[in-house]
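A.B. asks: The following block contains the structure, expressed as structure tokens.
The values are calculated or read from the model by the stated rules, or taken from the named source; none is laboratory data. These numbers were taken from a predicted model, which means no experiment stands behind them. Neighbour counts are summed over all protein chains in view; Cβ atoms, including those assigned to glycine, are modelled from backbone coordinates with ideal geometry.
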Amino acid sequence: MFFGFDPTIVLLIPAIVFALYAQMKVKGTFAQYSNVRSMTNLTGAQVARGILDKYGLFDVRVEAVPGELTDHYDPRSKVLRLSSPVYGATSLAAIGVAAHEAGHAVQHATKYGPLALRSAIVPLAQIGSWAAWPLLFLGLFFQAFSLVKLGIIIFSGVVLFQLVTLPVEYNASKRALAVLSEGGYLYDNEIGGAKKVLDAAALTYVAAALMGILQLIRLLLISGILGRRDD
């Protein structure tokens, strides 16, 4: 396994293909609707601020950050950060992304269950992202099954984080589309464009979860745990 072909690697092929598709889809869709200007002529920052104020989240700041698709909400500092193509842009893509991130702020304020769970397992996921593979490698190399099991348990925390992320992201998009329509930020014939942008972005989280699940199955096969019996 260490010096030759590992046949279990083929398990990851569907996830790799889907991840590449998701990346192309989100970039292509975002680029397409970044060129479609909203009829309300509101910027991403204005939409985000309006949604936050609607829910009484006056203490949440909206800031610009460099990069593309680097938009995120930081619950610790209560800052909603929008990328350059979103913050000052008036496109359907910008408004959709800004509303989505504002949706995360609303989730945080209303103590949305899956978001609280995801926040709780962040430390385990962070540890698992850098410690799982060294433990697995060392355990397999020295035939220390306890290290292998520990590595797989820690990696399971990463997979759990990815799975919990799915309802968090889809719910934020659902909230975003509802408030964009109800609040008059977009006209009815524009909602579809914003939805396509958010649906495409969601595919990247699906791809990450799929990769994590298949990687976990692969590790169970490599370690022999799936067919192992302790005497």
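A.B. asks: If I filter segment 120-149 down to residues being hydrophobic (A, V, I, L, M, F, W, C), free of Cβ contacts under 8 Å to residues at least 24 places away in the same chain and in a loop (DSSP other than H, G, I, E, B), which single residue comes out as farthest from L216 (Cα to Cα)?
C.D. replies: F142
A.B. asks: Next up: If L221 satisfies every condition in (1) touching a residue at least 24 places away in the same chain (Cβ under 8 Å); (2) surrounded by 16 or more Cβ atoms within 10 Å (Cβ to Cβ); (3) in a helix (DSSP H, G or I); (4) in contact with a helix residue (DSSP H, G or I) (Cβ under 6 Å, 6 or more places away or on another chain) but one, which is the exception?
C.D. replies: (2)
A.B. asks: Would it be correct to say that A178 is modelled with pLDDT of 95 or more, surrounded by fewer than 18 Cβ atoms within 10 Å (Cβ to Cβ) and assigned to a helix (DSSP H, G or I)?
C.D. replies: Spelling it out, A178 is indeed modelled with pLDDT of 95 or more, surrounded by fewer than 18 Cβ atoms within 10 Å (Cβ to Cβ) and assigned to a helix (DSSP H, G or I).
Let's see how each residue does on (1) touching a Ser or Thr at 6+ places or on another chain (Cβ under 7 Å); (2) over 14 Å from S173 (Cα atoms); (3) at pLDDT 95 or above:
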| site | (1), (2), (3) |
| --- | --- |
| F58 | no, yes, yes |
| V62 | no, yes, yes |
| L82 | no, yes, yes |
| A93 | yes, no, yes |
| G96 | no, no, yes |
| A99 | no, no, yes |
| H104 | no, no, yes |
| A109 | no, yes, yes |
| G113 | no, yes, yes |
